[in-house]
Amino acid sequence: MIKIAIMGYGVVGGGVAYLCREKRESLERKSGLSFSVKYILDQKAFPGDPWADRIVTDPDSIFEDPEVSLVVETMGGITAAYEYTKRALLAKKHVVTSNKELVSHHGKELLDLAYRQGVYYRYEAAVGGGIPLLVTLREALAANDILRLDGILNGTCNYILTKLSYEDMRFDEALTQAQRLGYAERNPEADVEGLDAGRKLAILASMVSGEWVHPEKIHIEGISHIDREDAEVAASLGKELKLVSMLRTKKSGDKTQYGLLVAPVLIDSEHNLSIAQGVYNAVQITADPVEDILLYGPGAGALPTASAVLGDMIEVCNHEWTEERGEQWTDLKEDRLIAYGDQEVRALIRIKSGLSSGDLSSHLRDLGGFELLESPLEGEELILTTNPKLREGRLESAISELPEEYFIRVLRLLD
Ligand code: HSE
């Protein structure tokens, strides 16, 4: 019997406690392990809860109890979660977390500490909710070079974009629904401004490169400026809007660089990633030699995320700690990332009607070419796509030449 503690009895922590209780028999049958929740750390009381008697408010009861060998951190946020995770590791307890903010901001230090202490720090549930994504990258695809990765990694944004596209809903209404369903972060700005998707991409990039990529190194755009007209334009072109976390690997000689970007992009309605609707996530990985892999599943919610936590718990307990298995990230090398301005892009630009074609061509000369498309909002606006691909920096400078009152929006096209 493995005694565990759960720190944070919210949506995911509650899901972990539920699975430990409800799936006890099948867990034992399949993995040979059984988990007993000895403590649940939370500052709130939970009268009537089946495990109300295990709630503690003092974290020391966990760290000082030699019977507890594994701690689940589902507190979210950084401050207390960071301190308690360090203390749990210092007390030589394995830590399994769903906290992407903490892993992306302090992952290197926490992995180093876990390694020094001879325990594991695992974070499958931090990226892609219930999708077994990190274990796939770490183990199943270990013999591959990851060439590119495109991920729909924020369930809240995908839920909102799906509602804008298919139910003609307003942004605020869709966000309220996502919050009510328990998908959104405590501060939903982290979802709609793309920070959550950026943190997840930072974790993936750190795993892929083996070097710690802080989220601040990534150019991140969210969806709070997107409206129904964008979804309408997308649909008129047979496309859909998705918030995509993108990783591109560029090799020249011995040098490997990564291009990282989070942005709302237009994807073909037939594209593999369009399988992800509502809160679902999907990740397409292109790797050598395996080629394309598509992973799909629920990216948020109590039980899917708790399922990933349980997967990590089983993995940690099934493996004796060995030096070979202790994951570590080194410092990021200076030119490892391709600067945002140098990343290549194709884009669709929405512009208010009124400029003559001569003016348009002269303002947008820097694009190096574009194609005018028919807009569903004809008479009100023009839409054009850049052709050929160009650098982000050049796109930005071309757009800055447009009179401000005519510019509506740039949306990238998934290449
Ligand atoms: N707020 C996150 C999302 C939760 O919507 O995807 C899962 O990480």
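FYI, it's all coordinate maths here, none of it is from the lab. This structure is a prediction, so every number in the text was calculated from the model and none was measured. All Cβ positions, even for glycine, are placed from backbone atoms using ideal geometry, and neighbour counts span all protein chains on display.
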*How much space per residue, in cubic angstrom, does the convex hull of the C-alpha atoms of the chain take up?*
149 Å³
*So what's the angle, to the nearest 10 degrees on a 0 to 90 scale, between helix 79-90 and the longest Cα principal axis of the chain?*
50 degrees
_Within straight-line cross-link reach of Lys163, lysines at Cα separation under 25 Å, skipping those fewer than 8 residues along the same chain_ = Lys200, Lys239, Lys242
_Please list, by residue number, every one of the GluC sites (Glu not before Pro) in the range 59-88 that is coil in DSSP and has at most 16 other beta-carbon atoms within 10 Å._
Glu64, Glu67
*Considering only the other residues whose Cβ falls under 11 Å of the Cβ of Lys23, what net charge follows from Lys and Arg at +1 and Asp and Glu at -1?*
+1
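Going down the list Lys3/Lys30; Lys3/Lys100; Lys3/Lys93, which pairs span over 22 Å between their C-alpha atoms?
From Lys3/Lys30; Lys3/Lys100; Lys3/Lys93, over 22 Å: Lys3/Lys100.
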*Quick one: angle between helix 171-180 and the longest Cα principal axis of the chain, in degrees between 0 and 90, rounded to 10, please.*
10 degrees
*Which ³J(HN,Hα) values in Hz, rounded to whole numbers, follow from the phi angles of the range 319-332 under the Karplus curve 6.51 cos²θ - 1.76 cosθ + 1.60, where θ = phi - 60° and Gly and Pro get x?*
10, 4, 5, 9, 4, 5, 8, x, 6, 9, 10, 8, 5, 6
*Around Pro403, with a cut-off of 10 angstrom between Cβ atoms, what is the net charge of the other residues, counting Lys and Arg +1 and Asp and Glu -1?*
-3
*List the trypsin sites (Lys or Arg not before Pro) in the range 273-357 that DSSP assigns to loop (not H, G, I, E or B) and whose Cβ has at most 10 other Cβ atoms within 10 Å. Which are they?*
none
*Summing -39500 (n - 2.57) over the DSSP H runs of n ≥ 4 in the chain and dividing by its residue number, what mean residue ellipticity at 222 nm do you reach, to the nearest 500 deg cm²/dmol?*
-10000 deg cm²/dmol
_Cα→Cβ-extended label distance, 7 Å offset, between Glu83 and Leu33, nm_ = 2.9 nm
*In a GNM of the chain with a 10 Å cut-off on Cα contacts, which of Arg199, Arg365, Arg248 has the highest mean-square fluctuation?*
Arg365
*Before anything else, pin down the relative contact order of the range 2-129: Cα pairs under 8 Å, at least 6 apart, normalised by residue count, whole percent.*
24 percent
*Only Cα pairs under 8 Å and at least 6 apart count here; give the relative contact order of the range 305-406 as a rounded whole percent.*
31 percent
_Residue-wise HN-Hα coupling along the range 216-227, computed from phi with Karplus coefficients 6.51, -1.76, 1.60 (Hz; x: Gly, Pro)_ = 5, 7, 9, 7, 10, 10, x, 10, 5, 9, 7, 10
*Highest GNM mean-square fluctuation, the chain, Cα pairs closer than 10 Å: which of Leu133, Leu373, Leu70?*
Leu373
*For the range 158-214, build the charge dipole from Cβ charges (+1 Lys, Arg; -1 Asp, Glu) around the Cα centre, then report which of Gln179, Val192, Ile203 sits farthest towards its positive end.*
Ile203
*How large is ³J(HN,Hα), in whole Hz, for each residue of the range 191-203 in order, when computed from phi with the Karplus curve 6.51 cos²θ - 1.76 cosθ + 1.60 and θ = phi - 60°, using x for Gly and Pro?*
6, 6, 8, x, 5, 5, 5, x, 4, 5, 5, 4, 5
